1. With a 10 Å Cβ neighbour count serving as the proxy for reagent exposure, in which order, fewest first, do B:Thr174, B:Thr301 appear?
2. So for each of B:325-334, A:337-346 I average, over its residues, the number of other beta carbons within 10 Å; can you give me the resulting order with the highest mean first?
3. Restricting things to alpha carbons, tell me how big the range B:84-237 is in terms of Rg and Dmax, in Å.
4. Let me have the relative contact order for the range B:418-530, percent, based on Cα pairs under 8 Å that are six or more residues apart.
5. Would you please give the residues with an amide H less than 5 Å from that of A:Gly161, counting only those at least 5 places away or on a separate chain, with H modeled from the backbone geometry?
6. For the range A:305-312, just list the computed ³J(HN,Hα) in residue order, Karplus coefficients 6.51, -1.76 and 1.60, θ = phi - 60°, integers in Hz, with x standing in for Gly and Pro.
7. Using just the C-alpha positions of the range A:257-401 as equal point scatterers, what log10 of I(q)/I(0) does the Debye formula give at each q in 0.16, 0.18, 0.19 1/Å?
8. Each residue of the range A:219-235 in turn: what ³J(HN,Hα) in whole Hz from Karplus with 6.51, -1.76, 1.60 and θ = phi - 60°, glycine and Pro shown as x?
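No lab work stands behind these numbers, since they all come straight from the coordinates. Here the structure is a predicted model, which is why all the values come from computation and not from measurement. Cβ atoms come from the backbone with ideal geometry, glycine included; neighbour counts cover every protein chain shown.
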Amino acid sequence: MPSRSLSRRTVLRGTVMGGAVMLHLPLLEVMLNTHGTALANGEALPRRFAVWFYGNGVKLDRWIPDGEGANYTLSSELEAMSDLQDDITIVSGTHCPVDGQVHHSGQAGMLSGDTIDLMANDASTFRAKSVDVLVSEQWAGDAAFDLINLAIYRDPRYEIGTPGHISYNGTGFNPNEVDPGSLYDRIFSGVVPDEPDPVDTSARAAARSRALDSVLEDFSALNAGVGRGDQVRLEQHMDGLRDLQKRIEEFETGAGGCTPPERPTFSEEANDDTRIGEKNAIMSELVARAFACDMTRVASIMHHTWYSPAFREIGIGTQQHGLTHDEPGDQPQVHATATFVMSNLATFIRSLKAIPEGAGTVLDNSVVYAVTDVSDGRTHSKDDMPIVLAGGAGGRLLRGHHIHAPDTSSFKVMMSLFRALDLGIESFGAGGWAQTEPLSELLV
Amino acid sequence: MRFGVQRMVALCAALGPWVGCYEGVHRSPGNDTIPDDGEGDDGVDPEAGQGGVSALFLLTRRELGNTMEDLLGTEPLRPADVQPDQVVGGFASVGASVHSLSALGVEQWDSVALDAVDEIFEDAAARVDWVGCEPAAVDDACATEYFSSVGLRAWRRPLSDEELTRYVELAQETSAMFDDDPWEGLRYATYGLLSSPNFLYRLHRGEADPSRPGHRRLTAYELASKLSYALTQSTPDLSLLEAAQAGTIHDDSELELQAERLLGSSAATEALAGFCRENFSLTPLPLLSRDASVIDELPSTLLQDMQQESEQFCVQGIRSGDARSMFLAEQTALGPELASHYGMPAEGPGVQTVTLTELSDRVGIMTSAGLLTVMAHSDRTSPTLRGQFVRVRLLCQEIPSPPDDALVELEPISDEPSSLRDRLEQHRTDPACSGCHSLMDPIGFGLEHYDAVGRYRELDAGFAIDASGELDGTSFDGAAELSSAIVEHPDFGRCITRQWFQFAQSRAFRDTDAAALLELTEGLVGSGFDMEALMVDLVLSDSFRTLASEEG
């Protein structure tokens, strides 16, 4: 996408001067304390949070591990995680309590604690903010980007609505990047050698920032004359503008030691569902590097929703959603797709584990919340939801266990993650579905 | 491998999780195509995000593209350049009343604005051409005149003195960063103007209505913008801005003249095509994929032709003076690829006008391949989806959501082969689904002669097709009779009026609009379904020009 990358360069144009520029805030060894467990100034290493969502559930009888606690055997659908067994915790048995029988009510439930507003033409929308947004609000300003949103597969018909989005900010969805090159450019553009720019770079950054000051004044003036609903929308817009302004200013003075990855050469038609695994691996690497370089601390990863691909690369020609309803018997093809999706999740977790950080790895300081919309695609059940947690939250989250928690709201799992990450979020779930206490077994 | 007809017909689920109906359709003057949009409880009010009535309308992708083209002569934006629209009730313009820019959207827009400004100001000839003179300083006559004029065009209203002062200051300070080069000051001030919410959002703040004490109307500039975006999806031109400046746009005669002038423009034809694509859900068509194991992939050129053919039935129906002709037209224009898709011998490379009756039982938009394709599943037809489309999109009836205890898992009904119709008939005996299917399937059966990509067929799974059905008491056999039943349905005129009302007003329908809708509908029906007359009527109505009291 040549034109697109040209456009992206513009954002950071002039920050480069023909050479590699280093990003701000790397976690250099020199910044760590002698044990590598915290920053030298005593602050804890940054925590990261990733939502990893996939549609259409699993085959529970082949997903739920044998045995509970620390002595459990991974099931066939989770086999790809065998090398990660000490890094993950499997939670089974919880139920997603929200109203609604459709796929995207489970999607909204697991991700936002509320159901959806069902709208025509699948332009349905979450009612509540999604957890990635809630967490990013707690950590606003800590990294270059408060949140990045990406999709491994998004049905090209659904740039709108819940079939194509899992991140909602209170006024609408956060768009997600489906193209690895675009995601790379957004995060890392400006840190690769570029053509010399004729414009004086620091003056340009200062001029743009000054112009955005005027724009923010326009916002304030406008804000004063509109109703509360419109003010919320303008605030959302202004937040993005302030973040952009901050990045423009920071890049001007940026210095540090974080090496970005190579720009991915992967290109594909968005509709291509023959290379999902490959794209997943590239995207996983980008997110891991973005975490490591502290470009962001929160990532929302939509593997696919119930508007699903056919997983042609494993020899399945029917879209997964149709398959869950139509395949007879014990659904070997659905099982194969779920196994494949879990192997993609394993790839992501492995990407985080591959990058050393302090005395451990990026994974040790992260939390991955991997969930789906329904436990079983055929019945749309929201009971017995399959949940994979990965990462240690800096030593606060239980790993290497299978926790079976029947008669428990899935929202208690989310509360556990909020606690493990020391977030000041005191409840999760709308109205009567709200939970204020964690599933204590998950905390260490 | 397909599971063929022996597979489970979990059609209640397969029709898509968004449909269900257990208490029958209902309509009321204030009902909406958007189920569950209640402002009460903990629901989100689609009109305002979080309470109140919105006065701010984010420019849609299409509006942004047109606006930039008209304002700066830039190349058309590509969809990936800017944030996707939020579509509410089928329309991006309605979503624009609740939408905002996300962090990514802000960044994307920033790139577009900066690129556009750089393109002008990095070219010594282009910038003089654009500004109209050579500024010697950012506060000389040339620069000052430029800020006033570009401000008016970009913000669709004059800048206030305070705003003008602030932007001149911005130009002064930024110019100072570049050795007092006035061009740099102009560049960054222009970038600021295009990044401003006053550019990216239309505002309906209004003013006291001098002719009706206690009421509010749109200001002259707000009205000019609203009119322009409603009919051309772009920024007001000089004639409109002049009428706004003079205040004459408030006069019925001037407003009517302006509306008719815009309606006659090619920009309006484009905008009407946009309305048609959204109203008939044709937008995703070029990207639609079919299940390759069942249906050969359709080339994207064919999908585009299909979209255009369907859209043209609608545009021509609007332009013809009788909207019913969307459904009853007997002629169409086909390129060779689409002609061949319809099973016709192609007559050379050009577009040929074809009389539809020569194409076995085709008439109007309902039998166009584009619409038939968007109303089907990726691997098979769906009488349910097709029936749902007629109810929801063409008659503005509401189909309730399924109750929580609805079964989505269904046992196989039989191991014997059967037609889809037979399977649906059996399926409809299940009380968990019958309420839903009986409302939609009998309508969709009328289109069973057309497969999932709109090709004519005599058989389904080896069984002769029975295309008889029923729409609210009117029996029909086949697509032509179904199309007649649709345009003769008492809700048809009201629905298309309502759809245009929402599209053109950039907002969801409200209960308080019921009287206006009734009057406009009567006008439309009385004119023999003249949509252009309806468009002018709407513009002249209080509903378009004034603000409800809560908007004050």
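1. If I rank by nearby Cβ atoms, fewest first, I get B:Thr301, B:Thr174.
2. Values: B:325-334: 20.4, A:337-346: 23.8.
Packing order, densest peptide first, comes out as A:337-346, B:325-334.
3. 17.7, 55
4. 17 percent
5. Those lying under 5 Å, H to H, from A:Gly161 are B:Val87.
6. The phi angles translate into 10, 5, 7, 9, x, 8, 8, 5 Hz.
7. -0.95, -1.12, -1.19
8. Per residue, the Karplus-derived 3J(HN,Hα) values read 4, 4, 5, 5, 4, 5, x, 10, x, 4, x, 5, 4, 4, 5, 5, 4 Hz.
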